[in-house]
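Asks: Submitted below is the structure of interest, expressed as structure tokens.
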Amino acid sequence: MDNSTLKILVATLAITAGVGVAEAQDRGMRGEGMTFEALDADGSGEITLEDLEALKEQRFAQFDADGDGSVTAEEFRAHAQARAAERADEMFARLDADGDGVLSRDVLESRMGRQPGERMLSRFDTDNSGGVSAEEFEAAKQQMAERRGKFRDGKGREEGRGWGRGNN
């Protein structure tokens, strides 16, 4: 087997395995856990390309509600809404420590840490007056827009900073 054929084979296996792992991780997010059994779709005792292909088919079928081989915007939206509802239910259950079916304001606010309003004031109030003036607000908006622009340089990083240093 020549070197280029070997590279293609390895890349294909990596991509296919990545899809299978992503599928299993997706199951893990729903509480099923990523297990050998989840990846061994046919129960043969080995994870094969066929198993990973079966997982891909299974995933597509979750989107293709009417089974016609294509996914409409409505099917996609319905799948996304169902997944969002599942995640919201899981999150609610984690937050509802006493199991009474309600969350107090204190519980929700304790999960957010320092209040967003307090964070905004501490960041934007550059003259430490205790409030944000129109000028400070506009300056903060401009700074955030510039920061977003730097992070959208096509390289996923701020120019000259962090892990991309020297590679710009």
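Asks: Would you be able to tell me the number of residues in region 80-118 that are of a type in the set (Lys, Arg), farther than 30 Å from residue 61 by Cα and part of a helix (DSSP H, G or I)?
Replies: 2
Asks: Does residue 121 fit the bill of being modelled with pLDDT of 80 or more, assigned to a helix (DSSP H, G or I) and surrounded by 13 or more Cβ atoms within 10 Å (Cβ to Cβ)?
Replies: In short, yes.
Asks: Also: Which of (1) over 21 Å from the mean Cα position of the chain (by Cα); (2) farther than 30 Å from residue 141 by Cα; (3) modelled with pLDDT of 90 or more does residue 127 not meet, given it meets every other one?
Replies: Checking residue 127 against (1) over 21 Å from the mean Cα position of the chain (by Cα); (2) farther than 30 Å from residue 141 by Cα; (3) modelled with pLDDT of 90 or more, the one that fails is (2).
Asks: Condition first: surrounded by fewer than 11 Cβ atoms within 10 Å (Cβ to Cβ) and of a type in the set (Asp, Glu). Now tell me which residues in region 74-118 satisfy that.
Replies: 74, 89, 98, 100, 106, 118
The values are calculated or read from the model by the stated rules, or taken from the named source; none is laboratory data. Everything numeric here is computed off the predicted structure, so don't read it as measured data. FYI the Cβ positions are ideal-geometry reconstructions off the backbone, even for glycines, and counts take in every protein chain you see.
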